[in-house]
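Read-outs: derived from the displayed coordinates by stated rules, not from any lab. Owing to the predicted nature of the structure, the values given are computational and were not obtained by experimental measurement. Positions of Cβ are backbone-derived with ideal geometry, glycine not excepted, and every protein chain shown enters the neighbour counts.
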Amino acid sequence: MYELERKVRASHRDVRETLEAREATLVETVIQDDTYWDHPNRDFADTDEALRIRRESAPGDEANASVRLTYKGPRVDTDTKTRIEREIGVTDGAQLRSILEALGFEEAGSVRKRRAVYVEDDINICLDEVDGLGEFVEIETHAAPGELEAARATVAALEDDLALAGVENVTASYLELVLVG
């Protein structure tokens, strides 16, 4: 399965109002603490891959966070961030971290954000407030290889409906943006 994502730097106020007027469903608001890892024998920056541990919790309830390990493959186009994504839940984040370190992985950096997730027609619209970077809007969906063009068209149409079509697409990851400061 591929993750297809468009991300723009935009104020949340107007987008939130439009989503509410369209009766998009606010599914959750969460805090995400993402730690990215470098492979001991290949440079993920060169291969355009990512390995991430995500701790996710409700605001104010970080003691009850869920943990997921995610691998993201290289991007398959330049207009959207479309890439293979594999993800699993983990019951013990500290043990996962110690396993990665024992295998020679090193922490590459971290990103913390507050995310409000709206859903409309199986598309996630995420209003992200990223520490040190500001506000972003991500429109994302998942598609099988034969469904990518249709998914791109659907995401582009929603982006237009949200008045984001003229806003420059951000193809860098949050980690890349944090690292360049």
### Query
Over the chain, how many percent of alpha carbon pairs lie in each 10 Å bin up to the one with the longest distance?
9, 35, 38, 15, 2, 0
### Query
Nearest 0.05, what FRET efficiency do residue 106 and residue 57 give at R0 = 25 Å with Cβ-Cβ as r?
0.50
### Message
Suppose a student asked you for the relative contact order of the stretch 2-180, using Cα pairs under 8 Å spaced at least 6 residues apart; what percent would you report?
### Response
32 percent
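Net charge near residue 135, counting Lys/Arg +1 and Asp/Glu -1 over other residues with Cβ under 13 Å of its Cβ?
Its environment carries a net charge of +2.
Looking at the chain, do any whole DSSP H helices span at least 15 angstrom along their long axis by alpha carbon and average 0.0 or above on Kyte-Doolittle, and which? Before the final figure, lay out the partial values.
On the way: long enough: 148-161 (20 Å, 0.11).
Result, helices passing both filters: 148-161.
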### Task
Set the Förster radius R0 to 25 Å, insert the Cβ-Cβ distance between residue 133 and residue 91 as r into 1/(1 + (r/R0)^6), and round the FRET efficiency to 0.05.
0.25
### Query
Where the centroid of each part is defined by its Cα atoms, how far is the stretch 1-80 from the stretch 157-175 in Å?
15 Å
#### Entry: Max mean-square fluctuation residue, GNM over the chain, Cα-Cα springs under 10 Å, options 123, 99, 53
99
### Message
Looking at the chain as a GNM with Cα springs under 10 Å, which of 78, 154, 29 has the largest mean-square fluctuation?
### Response
78
